[in-house]
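**Student:** Below is a structure I'd like to ask you about.
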Amino acid sequence: MSQIQRGLRFQQLHTAEAIFLMPNAWDVGSALMLASCGFPAIATTSAGVAFSLGFPDQEAAVSRETMLDRVGSIAAASPLPVSADLQSGYGASPEEVGETIAAAIRAGVVGANIEDYSGNPAQALFDREHAVARVRAARRAADASGVPFVLTARSDVYLTGASNVFAEAVERCNAYREAGADCLFVPGASDPKTIEALVREINAPLTVVMGLTGSPLTVPQLGSLGSPRFQCNK
């Protein structure tokens, strides 16, 4: 499939009735192994890439160029749609985020997630207005490429101990949706009641990740809660 065909296929997966499972790859070998198992799409894991290079899971530890080189090699080798974990977009400004998305698309991916984690201990999350501007810049860059692209906005409210965490997650995710995100991602939310409530309150497809908290939920159970995309972190 061409990149445009893979992009269209990835978009279709997000509008289908059935939940789909997307495993995380960290290099060409793992991507090809996972593709051979029958999964419909592949995600990359920034943590896995960093660990495979002997670095900690920190954005500053692996440069944007190194990450995009690895992501590009996975996209070139995989017959499936590939979505890249681009952490915080490799820059705080909306302009830097847009540049990262454009470069990732040139590398061959048809989806990516960017997060609102700032890396600043004094303020773990970018303030909402700035985070929205970053998502908007990512959307503009994706649209300018002409490649069908699924933009996932990730909010780390559950991982950073934000106050009134559920309400903050919903408000941020809906703001990111209005800014152009196709899919929302709230890692750290793993119990059925929370997931079901997030699906109900967020006006977009919601990604659920397993492997962070040891949640016992199965894929069918997650599907029954309304989540379309299940990402396996381990």
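What follows draws every value from the coordinates through simple rules; no lab data is involved. From a predicted model like this one, the values you see are computed outputs, not experimental measurements. Every residue, glycine among them, receives a Cβ derived from its backbone with ideal geometry; neighbour counts consider all protein chains shown.
**Student:** Cα centroids of region 137-180 and region 1-17: how far apart, whole angstrom?
**Tutor:** Using only Cα atoms, the two centres lie 20 Å from each other.
**Student:** Would you work out the charge dipole size for the chain about its Cα centre, treating the Cβ of every Lys and Arg as +1 and the Cβ of every Asp and Glu as -1, and quote it to the nearest 20 debye?
**Tutor:** Rounded to the nearest 20 debye, it is 520 debye.
**Student:** Under a Cβ-Cβ cut-off of 11 Å, what is the net charge of the residues other than LEU159 that fall near it, where Lys and Arg count +1 and Asp and Glu count -1?
**Tutor:** Value of the local net charge: -2.
**Student:** Next up: Multiply the residue separation of GLU17 and LYS193 by 0.36 nm, subtract the distance between their alpha-carbon atoms, and state the gained length in nm to one decimal.
**Tutor:** 61.3 nm
**Student:** Please report the orientation-averaged projected area of region 1-92, defined via the convex hull of its C-alpha atoms, in nm².
**Tutor:** Its Cα hull, projected and averaged over all orientations, spans 6.4 nm².
**Student:** For PHE51, PHE166, PHE149, what's the fewest-to-most ordering of other Cβ within 10 Å of each Cβ?
**Tutor:** PHE51, PHE166, PHE149
**Student:** Are there any helices in the chain, counted as whole DSSP H runs, that stretch 24 Å or more along their axis by Cα and score at least -1.0 on average by Kyte-Doolittle, and if so which?
**Tutor:** 128-145
**Student:** With the alpha-carbon atoms as the only input, what is the per residue convex hull volume for region 56-119 in Å³?
**Tutor:** 77
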